[in-house]
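Accompanying notes for the structure given below.
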Amino acid sequence: MKATAIANANIALVKYWGKRDKKLVLPYNSSISMTLDGLSTVTTVEFSKKYEKDSIIINGKELVKDEKGILNHIERIRNLANIKEKSKIVSKSNFPIAAGLASSASGFAALTLAATKAAKLELNEKDLTILTRQGSGSASRSVCEGFVEWYKGDKDDGSDSYAESIVNKNHWNEFRMITAIVTKTEKKVSSRSGMAQTVNTCPYYKCWLETIDRDLELIRNGIKNRDFSSVGQTAEYNCLKMHALMITTKPPIIYWTPATMEIIDFVREQREEGIECYFTIDAGPNVIVMCLKKNEKKINKKLSELGGVMKTIICGPGDGAKIIDKHLF
Ligand code: DP6
């Protein structure tokens, strides 16, 4: 009862921000993302009578405080499979977790696939995204390949809130996301608590929800037609709307630092010079610059030279979660 899976991180073009059901992780709005080629987590899960307790080792370190609810998720899978065996979980990401990059999306996607396989549950991709979602919302999108939509769904039981690919990774393999890392420290407010605080206290949350369907439509069509200007403009504005919510929440959540602003200015200058690129920012200060392959080198070089940028990582569209043969233990 042992299996290993690999899953990539993803970055949203239309952001998920706010839950209508915290327990089942059901969002108020649908979201769209790109799965990132090469930013991956590998996870091996074994259920066995030989283990007296569950244990989790992430990047070589035993986890003492399970803040992300990994064991809750394992228990959920044990209940589904009707098994009692304790588990050993070993997980490794090929990007530094402390670099402020979201590892929970690739992490929960790999964990869910490995654990369900080890528990001998045969789930189709849709059901796998539904189960993964309950561990972490954005992780549901990392199950799928290329450009992905996670539907908010309307049902109370969450059975219609799942993710699926809009197009596979080869449909638009010129699309690039360059992550500019500006800090190594962990963010002070997690996405989970930040979005709850927003729903509870932000006076503009209703406006956000009113404009989401239009953003989704523009991005969905933009992806299908490979319309970079439309996708870039809409994604950038959607990110600014999400940060406007964060800033006007009580107490305010401001993730940006001077380095964040430096990159935003840089992107605008590039556009003025005729080099098309756009930015998006998650719940943290790092900035993701979107461009096409033809401009990747030029932009990456200049971006890397900015004072506040510590490191850049370039990704194209990547694969969904997969079972692999090579176990971590
Ligand atoms: C800003 O998926 O980490 O990155 O469902 O509570 O685990 P939980 O939250 P999480 O939130 C991601 C928020 C975001 C936007 C996005 O990826 O869509």
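Details
- Taking the stretch 2-172 and dividing mean pair separation by its residue count, relative contact order in percent (alpha carbons under 8 Å, at least six apart): 29 percent
- The dipole here belongs to the stretch 2-172: it is taken about the Cα centre, uses +1 on the Cβ of Lys and Arg and -1 on the Cβ of Asp and Glu, and is about 500 debye.
- For the stretch 1-86, GluC sites (Glu not before Pro) meeting the loop criterion (DSSP other than H, G, I, E, B) and having at most 14 other Cβ atoms within 10 Å: 52, 67.
- Cysteines not pairable in the chain (beta carbon separation under 4.7 Å absent): 144, 202, 207, 239, 315
- Full-extension gain in nm, residue 204 to residue 273, via 0.36 nm per residue minus C-alpha separation: 21.4 nm
- For the peptides 283-295, 115-127, 206-218, 132-144, the ranking by mean Cβ contacts within 10 Å, running from highest to lowest, is 132-144, 283-295, 115-127, 206-218.
- Using the Cβ-Cβ distance between residue 85 and residue 57 with R0 = 22 Å, the FRET efficiency computed as 1/(1 + (r/R0)^6) comes to roughly 0.80.
- Taking 0.36 nm per residue of sequence separation and removing the Cα-Cα distance, the residue 126/residue 265 pair yields an extension gain of 46.0 nm.
- Listed by chain and number, the lysines whose C-alpha is less than 17 Å from the C-alpha of residue 297, apart from same-chain residues fewer than 8 away, are 311.
- Legend: ranking of residues 108, 47, 329, 228 from fewest to most surrounding C-beta atoms inside 10 Å; resulting order 329, 228, 47, 108.
- Gaussian network model of the chain, Cα within-10 Å springs - most flexible of 114, 163, 259: 259
- Simple label model, 7 Å out from Cα along Cβ direction - residue 50 to residue 65, nm: 3.2 nm
- Estimated from helices alone, the mean residue ellipticity of the chain at 222 nm is -11500 deg cm²/dmol (sum of -39500 (n - 2.57) over DSSP H runs with n ≥ 4, per residue).
- Within the stretch 239-271, backbone nitrogen closer than 18 Å to the virtual label 7 Å beyond the Cα of residue 294 toward Cβ: 270-271
Bear in mind these aren't lab numbers, they're just calculated from the coordinates by the rules spelled out. Keep in mind that what you see is a predicted model, and the values were worked out from it rather than measured. Quick reminder, even Gly has a Cβ in these numbers, built from the backbone with ideal geometry, and neighbours come from all protein chains shown.
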